[in-house]
Amino acid sequence: MVARILSLLLQAGVLLLALTGCICRAQSKNFKCSIINEAGFCFIENVHLDVSTNGIGGDSIQFPRHPTLLIKSGAIPYFGKDIFALLGNTKQLHVYNQTSIRNLFIPVTNLTEINVQRNGLLEFDVEPVENRELKMLSIVHNGLVTVPRNIRFLVGLEKLYLYNNSLEYFDLEPLANASHSLKILSIYDNHIKTLDSRSALYFPKLQTLSLSKNKLAFVPYFEESFPAVTVVSLRKNPWNCGWLHTSMQYIEAHKIQVVRKDATCRDRWISEICCTYTVLDFMFDRAAAQIRREQQLLRNVTHENRRLVETVHQLADDLHRLQSQLDQQQQPTSEKSISDARTGDDNWIL
């Protein structure tokens, strides 16, 4: 009986060791480049890492030491700090279509570019430590509904692409720390109703602003916030006609390129961009008409005042001329009177 029990325990131990070995081998992963294309991209396929927010644990995982990695397929539900730490000296990371990600956490690393697209990504966050290395962040064709406040720690950001997501609100304030480096902001094809800003916030180096296919009625402080913009996209938004009219005057005066204009319009069309005429527009037009009338009245009064001043000056000149003539006429008479007086005195003496 004892011998049978010992035999069973021995078999269970061997089975446990075998299973442990299988698990260890399964978690020991050494990924390699399937191909390296002409652009220098190292393609990695079938990257399946079920890593929790607590980290990798004891798993042995290695990525190729290559400057540009492209993870082509797999599933990484939580792409966080521990996985970024495995990337070594990689500078550019691309995670493409068939790689599923649910949550992305961006720590401070050597990466200069992160490009994540069509992954089913729902949210991302940024390590609250100043990051000057990351120059380009692209999270596109995903399911983002918010932009984290911690994006303000990406102080060296030059290009931000968040198009084709589900954003309804976008605040420019968290980008204030990158205001002197940001050159491209692309947030088209979302559901953005409000683009928030403030009067003192401006982006002196921003050259491209893509806002098409949202639900925007206006952009606050457009002229003040983006003085260096050379390219803008505006189509397929319910723009306020008053705002659009004023903004298009500025855009055309500064020769800013408007890309891909609206083909058709339901309401009004200003420089081939659609706008919606609302009660606000009616009030704006009425106020603008009143201002124009007051300006015309002011011009008329100014003109009349100028004419009145000219008339007064003319009268003053005429008065001065008449006074001079009168003085000249009175001078001979005075001289004759003095001469006659002197002649009378002489005759009396004689």
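Values for this structure:
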quantity	calculated
Test: residue in segment 170-177 that is closer than 25 Å to Thr112 by Cβ and small (Gly, Ala, Ser)	yes
Condition check for Leu244: surrounded by 21 or more Cβ atoms within 10 Å (Cβ to Cβ) and at pLDDT below 95	yes
Out of Ala288, Ala228, sole residue that is loosely packed, with under 15 Cβ neighbours inside 10 Å, in contact (Cβ under 8 Å) with a residue 12 or more places away in the chain and assigned to a helix (DSSP H, G or I)	Ala288
Cβ pairs under 6 Å, 6+ apart, first in segment 65-87 and over 17 Å from Cys33 (Cα atoms), second among the acidic types (Asp, Glu) and open to solvent by less than 50 Å² (accessible area, probe 1.4 Å)	none
Some residue of segment 156-166 being of a type in the set (Ser, Thr, Tyr), modelled with pLDDT of 95 or more, open to solvent by less than 60 Å² (accessible area, probe 1.4 Å) and within 20 Å of Val232 (Cβ to Cβ)	yes
Count - residues of segment 255-275 that are assigned to a loop (DSSP other than H, G, I, E, B), within 22 Å of Ala288 (Cβ to Cβ) and either β-branched (Val, Ile, Thr) or modelled with pLDDT of 95 or more (or both)	0
Single match in Gly120, Gly143 (criterion: without any contact (Cβ under 8 Å) to a residue 24 or more places away in the chain and in contact with a Leu (Cβ under 6 Å, 6 or more places away or on another chain))	Gly143
Search result, residues across segment 89-124 that are open to solvent by 30 Å² or more (accessible area, probe 1.4 Å), in a loop (DSSP other than H, G, I, E, B) and either of a type in the set (Gly, Ala, Ser) or farther than 25 Å from Ser181 by Cα (or both)	Arg102, Arg118, Gly120, Leu122
Members of segment 75-117 that are modelled with pLDDT under 95 and among the charged types (D, E, K, R)	Lys81, Asp82, Arg102
Residue list for segment 197-216, restricted to those being in contact (Cβ under 8 Å) with a residue 24 or more places away in the chain, of a type in the set (Gly, Ala, Ser) and either open to solvent by 40 Å² or more (accessible area, probe 1.4 Å) or over 25 Å from Val279 (Cα atoms) (or both)	Ser199, Ser210
Candidate set: segment 125-137, residues that are open to solvent by 10 Å² or more (accessible area, probe 1.4 Å) and part of a strand (DSSP E or B); chosen: the one farthest from Ala178 (Cα to Cα)	Asp125
Selected residue (criterion: surrounded by the fewest Cβ atoms within 10 Å (Cβ to Cβ)) from residues of segment 57-88 that are of a type in the set (Lys, Arg) and not in a loop (DSSP other than H, G, I, E, B)	Lys81
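Condition check ((1) open to solvent by 60 Å² or more (accessible area, probe 1.4 Å); (2) out of contact with any helix residue (DSSP H, G or I) (no Cβ under 6 Å at 6 or more places or on another chain); (3) of a type outside the set (A, V, I, L, M, F, W, C)) across all residues:
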{"site": "Asn142", "(1), (2), (3)": "no, yes, yes"}
{"site": "Glu168", "(1), (2), (3)": "yes, yes, yes"}
{"site": "Asn177", "(1), (2), (3)": "yes, no, yes"}
{"site": "His180", "(1), (2), (3)": "yes, yes, yes"}
{"site": "Tyr188", "(1), (2), (3)": "yes, yes, yes"}
{"site": "His191", "(1), (2), (3)": "yes, yes, yes"}
{"site": "Leu195", "(1), (2), (3)": "no, yes, no"}
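The values are calculated or read from the model by the stated rules, or taken from the named source; none is laboratory data. In this text the structure is predicted, and so the values were computed from the model without any measurement. Here Cβ is always computed from backbone atoms with ideal geometry, including for glycine, and neighbour counts include all displayed protein chains. Remember, those area values only see protein heavy atoms, side chains included, never the ligands or the DNA or RNA. Shrake-Rupley method; radii C 1.70, N 1.55, O 1.52, S 1.80 Å.
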